[in-house]
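The values are calculated or read from the model by the stated rules, or taken from the named source; none is laboratory data. Keep in mind that this is a model prediction, so the values were computed, not measured. Cβ coordinates were reconstructed from backbone atoms using ideal geometry, including for glycine residues, and neighbour counts include every protein chain displayed.
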Amino acid sequence: MKFIKFTITAGFLLMFLGGFTNANAVVNIQGPFFNSTGGDLGNLVAGNTYSFAAGTFAPGTLGKSFDQSFAFSLTGNNSLDIGIADINLKPFLEGNNLQYSLLSNNNPISGVNNFFNNLTSGSYLLRVTGNVSGLFGSAYSATMNVAAVPAVPEPEEWAMLLAGLCLVALKFSRKRQEDLVSSKLNVSSDPSIIGA
């Protein structure tokens, strides 16, 4: 009986927690980002991973630096995990010294290990810089994982949670008291004992 109760409780718990998971879709952004300026990534939605390729494609740029900016917007409170990697096709397309920064209203935003937390609704700019070391230019890929930052629970929600836990504790304490009373009285449900 205890195993059945445990299985049912575990099933409900998993079902409850499953409602908080968010399937992460990968969105490949298509665009002519092999230019000198960058481009517009549009509105990035929480729960998705966005990836795109960019760089400079211009013969004669060997040894020069590039500076590209990608505009995007966010809705709600989000966190952003950014990864940028060089696409190395020596000796034709190659870049080095890749660096990036995240800007809001032309002000840099500080992050820790490629992770930016508590970004509010608004417009942002991803700025990528580097040096061209390929004969025809440089190329890189970028990945941006957007996740919603959960809201802080309100005091009313904490009170309801505490009240619910108290009710569960009260039910179990009453059940335990009933079991103790019935075991001390030695009450049996066997009908042959009652009729004897």
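Quick notes on this structure:
- Subset of the range 93-108 [touching a strand residue (DSSP E or B) at 6+ places or on another chain (Cβ under 7 Å) and over 9 Å from L80 (Cβ atoms)]: L93, E94, G95, N96, N97, L98, Q99, Y100, S101, L103, S104, P108
- Qualifying residue in the range 81-94 (condition: of a type in the set (F, W, Y), closer than 30 Å to V152 by Cα and out of contact with any Ser or Thr (no Cβ under 6 Å at 6 or more places or on another chain)): no
- Subset of the range 31-71 [of a type in the set (F, W, Y) and either under 21 Å from N105 (Cα atoms) or assigned to a strand (DSSP E or B) (or both)]: F34, Y50, F52, F57, F66, F70
- Of all residues making up the range 151-161, the number that are surrounded by 10 or more Cβ atoms within 10 Å (Cβ to Cβ) and either at pLDDT 75 or above or of a type in the set (A, V, I, L, M, F, W, C) (or both): 5
- Boolean, A139 is free of Cβ contacts under 8 Å to residues at least 24 places away in the same chain and either of a type outside the set (D, E, K, R) or assigned to a loop (DSSP other than H, G, I, E, B) (or both): no
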